[in-house]
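Working notes, structure below.
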Amino acid sequence: MTIPAYKNPTLPVPERIEDLLSRMTLKEKAGQLTQWFHLGPDHHDLIRKGELGSGLNANSSTAGNNPQERILAECLNDLQKVAVTESRLGIPLIFGRDVIHGYRTVAPIPLGMAAAWSPGMVQAANTIAAKEARADGIHWGFSPMLDIARDPRWGRVAEGFGEDPFLAGKLAAAAVRGFQGNEQDAIPQQFAVDRIVACAKHFVGYGAAEGGRDYNTTEITRHTLHNIYLATFKAAIQSGCGTVMSAFHDIGGIPLSAHSSLLTDVLKEQWGFDGFVVSDWGAVWELTNHGIAADGNHAAELACNAGVDMDMCGMMYLNSLPDLVQAGKVSEERLNDAVRRVLRIKFALGLFENPYADPNAAQVVHLQPESLATMRELAANSMVLLKNNGVLPLRSDNLTICLSGPLADRRKELFGCWAPDGQDEDVTTLKEAITGRLGAETRLHHYELADDAVKLARSSDVMILAIGESEGRSGEDNCTTTIDLPAGQEALVESARRMEIPIVAVVFGGRPLNLTRVMDWADAVLFAWHPGITGGLGVADVLFGDVNPSGRLPITFPRSSGQIPLYYNHRPTGRPLPGGSRRHSRYVDSLDSPLFPFGFGLSYTTFEYGNLQMSPTPQTPEISITAQVTNTGNRAGTTVAQCYVRDVIASVARPVRELKGFERVMLEPGETKTILFKLGPKELSYLDDNGHEVLEPGRFQVWVGGDSTAELGTEFEVTPDGKWVGSR
Ligand code: BGC
């Protein structure tokens, strides 16, 4: 008996897809575009009829599933078996999950990963996550989350790479490569068996939610959309990201899950994205709540015509698309286009040939020592030292340490949001990590609510306070009206101050927090984000100086909630600061500067930048910027050299600074290295309202240094024929 062409692995995939498409009914096509959650025996019938294309194994406060519920390959195989052996055409299911920062080996939250300023480490972490997820039978991870966020009240700021499109764009590309393993910047023709397909989300502008309130409406100009919000998605698509998720919110009245000019004109046509678009959870149905669709039918029509290919956790497509096609409201061509896109990814994942997961793989693949070591290194490198008056690093011998604070001995609190596969028992707490490294004559007192707390503290040499947010206070639907520390924590630091011993505050969190008072009271402050399962160990590595901190803020830390939104790459006003006149853009009750600028972070050593030079790069339209950085302290350390640019006069006011290059540089004490940044048309142009690059001749300023306030700078000029001239 001859096998149908679509089952023949020797034929080219496009041919297999066309053959399969020609055999499918309208209902089966709609089925391929339908994803449902928490599949089990109750759904066998639907699968058997070919009416489900994908399963979502969810876990979130809003998704309504059980926290920490393990994914088991056997359960997914049972479902897959029904699809493959009992449905008419045997099309395999694709299983998706929120693989956001690591999997079983939980990595630091994405905002923390971003603080390491290391595409290489992000790629390595996602490679591990992909391997672990695939071992459980997961094919598709709903990340990277690429929403630029300028409002830390928004809980989902934890899930993204911060406020800067350049840094986030580089990390987006790395995250995609880590998941998918693609060597070319294109969706792989064939994924390796230990890789998963990535999903760039939430397309687009979700981070601009008004008031920092989740799901809220946004107003974004086309200029800002192209230059800030779309940029990270473009970077992901250009590196071959296989899927995109359309967001919940609206921009100026058009919900993103019905936004044809962004989903179709920009994403699919202008950028040539040929993977598929999935809606966010129930977002197709929510078009009725937005008030642009009269009912589910209408919602399906709007979403499908706009370019959403798969309905996540909704039955709108399944129930409505066949009739909509028959009524001519959705063309069969559009339906086929959506199905082709989904099938293409299923073929690329090899699901037609290898639909099942090995039920024993997880045991061998999860929590491998190398994976734990990689995550520990990433965690330690993501931590940002905000203050140190010399108390750090701690010596491990002959010391009495007093450890306190609500997060000192906590496990899942260190995961951060979206860690559905992390298991509490895998976490090393900060207390355990410190205990594990106590040297000779070193003692640890730990108390949460001890009666003799004062005595314990007073008899210690140093106090470590583990404060901040626990994992449940950030992430989806966890927005706050202020960025102040949770109730009681400032008072805790203040009372500790009265013990008159040095205080080290270790702050965990999923967002920038208001640390203004803590900075006054503590002798050292280490911002540790939510660092994942090896996070306690990572903190100890930094506290005891095994790792010299090199994390740099990927997002501005305001002095108070009232300064929000506060971001470094803002546009100039007509009344800039510092200004001569009395009336300029400022507050009368607060300093205008942030508490810590974007890019900031201290080290146990010091660095100096100098000798900035410019020269044309031979045979290219680029200018080379070089600078020297020297380790002026007495310890080896890593700095993150950053290059910022300003287009001084342009037709549209350009930001006062924009990051255009960065590099981690490791230096021995006294060592000097020369760093090189290349600025070409891409770095020096901006995008017009249609997304086209515009490079205007005129003056540019450039700075190189350790954060976004770097002062070492120079200027050059771009001539009308596109040449670069060093001017002053
Ligand atoms: C979130 C997405 C997530 C999806 C699936 C939604 O509520 O917005 O980020 O991927 O649920 O769990």
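The values are calculated or read from the model by the stated rules, or taken from the named source; none is laboratory data. All values derive from a computational prediction rather than experimental measurement. Reconstructed Cβ throughout: ideal geometry from the backbone, glycine too, with neighbour counts over all protein chains shown. The accessibility values were calculated without ligands, DNA or RNA, using every heavy atom of the protein model including side chains. Shrake-Rupley method; radii C 1.70, N 1.55, O 1.52, S 1.80 Å.
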Residue check, Asp194 within 21 Å of the chain's Cα centre (by Cα), at pLDDT 95 or above and part of a loop (DSSP other than H, G, I, E, B): no
Residue match in region 710-722 (condition: surrounded by 14 or more Cβ atoms within 10 Å (Cβ to Cβ), of a type in the set (D, E, K, R) and more than 18 Å from Leu167 (Cβ to Cβ)): yes
Count of region 684-721 residues which are assigned to a strand (DSSP E or B) and either over 30 Å from the mean Cα position of the chain (by Cα) or more than 30 Å from Phe596 (Cα to Cα) (or both): 11
Failed item, numbered, when Thr573 is tested on (1) surrounded by 14 or more Cβ atoms within 10 Å (Cβ to Cβ); (2) without any contact (Cβ under 8 Å) to a residue 24 or more places away in the chain; (3) not acidic (Asp, Glu): (1)
Any chance Asn634 is among the polar types (S, T, N, Q), within 28 Å of the chain's Cα centre (by Cα) and open to solvent by 40 Å² or more (accessible area, probe 1.4 Å): no
Test: Ala491 is surrounded by 24 or more Cβ atoms within 10 Å (Cβ to Cβ) and out of contact with any strand residue (DSSP E or B) (no Cβ under 7 Å at 6 or more places or on another chain): no
Where a residue in region 304-316 is among the polar types (S, T, N, Q) and its partner, wherever it lies, is away from the ligand (no atom under 16 Å from the Cβ), with Cβ under 7 Å and at least six apart: Asn305/Ser260; Asn305/Val330; Asn305/Arg334
Residues that are open to solvent by 10 Å² or more (accessible area, probe 1.4 Å), farther than 23 Å from Val542 by Cβ and in a loop (DSSP other than H, G, I, E, B), drawn from region 449-480: Leu449, Ala450, Asp451, Asp452, Ser459, Glu476, Asp477, Asn478, Cys479, Thr480
Any hit, region 679-689, residues being open to solvent by 60 Å² or more (accessible area, probe 1.4 Å), in contact with a helix residue (DSSP H, G or I) (Cβ under 6 Å, 6 or more places away or on another chain) and among the acidic types (Asp, Glu): yes
Search result, residues across region 234-274 that are buried (at least 24 other Cβ atoms within 10 Å of the Cβ) and within 16 Å of the ligand (Cβ to nearest atom): Ala236, Cys241, Gly242, Thr243, Val244, Met245, Ser246, Ala247, His249, Pro255, Leu256, Ser257
First in region 213-227 and farther than 19 Å from Trp154 by Cα and in the same structural domain as Ala247 (by TED's automatic domain parsing), second anywhere and aromatic (Phe, Trp, Tyr) and modelled with pLDDT of 95 or more, Cβ under 9 Å, 6 or more apart: His223/Tyr686; His226/Tyr686; Asn227/Tyr686
Phe233 vs. criteria assigned by TED's automatic domain parsing to the domain that holds Ile100, under 30 Å from Arg657 (Cα atoms) and aromatic (Phe, Trp, Tyr): yes
One residue from Ala107, Ala125 being away from the ligand (no atom under 16 Å from the Cβ), out of contact with any strand residue (DSSP E or B) (no Cβ under 9 Å at 6 or more places or on another chain) and aliphatic (A, V, I, L, M): Ala107
Number of positions in region 169-211 that are within 16 Å of the ligand (Cβ to nearest atom) and over 22 Å from Asp274 (Cα atoms): 4
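Every residue, every condition in (1) in a loop (DSSP other than H, G, I, E, B); (2) open to solvent by 10 Å² or more (accessible area, probe 1.4 Å), yes or no:
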| site | (1), (2) |
| --- | --- |
| Ala83 | no, no |
| Gly96 | no, no |
| Val99 | yes, no |
| Pro108 | yes, no |
| Ala124 | no, yes |
| Gly137 | yes, no |
| Gly162 | yes, no |
| Leu167 | no, no |
Residue in region 322-334 that is closer than 30 Å to Gly211 by Cβ and either touching a residue at least 24 places away in the same chain (Cβ under 8 Å) or open to solvent by 50 Å² or more (accessible area, probe 1.4 Å) (or both) present: no
Conditions (1) among the β-branched types (Val, Ile, Thr); (2) within 30 Å of Ile564 (Cβ to Cβ); (3) surrounded by 16 or more Cβ atoms within 10 Å (Cβ to Cβ): number failed by Thr429: (2)
Region 491-514, residues that are among the aliphatic types (A, V, I, L, M), at pLDDT 95 or above, touching a Lys or Arg at 6+ places or on another chain (Cβ under 9 Å) and not in a helix (DSSP H, G or I): Ile501, Ile503, Ala505
Ala408 of a type in the set (A, V, I, L, M, F, W, C) and in a helix (DSSP H, G or I): no
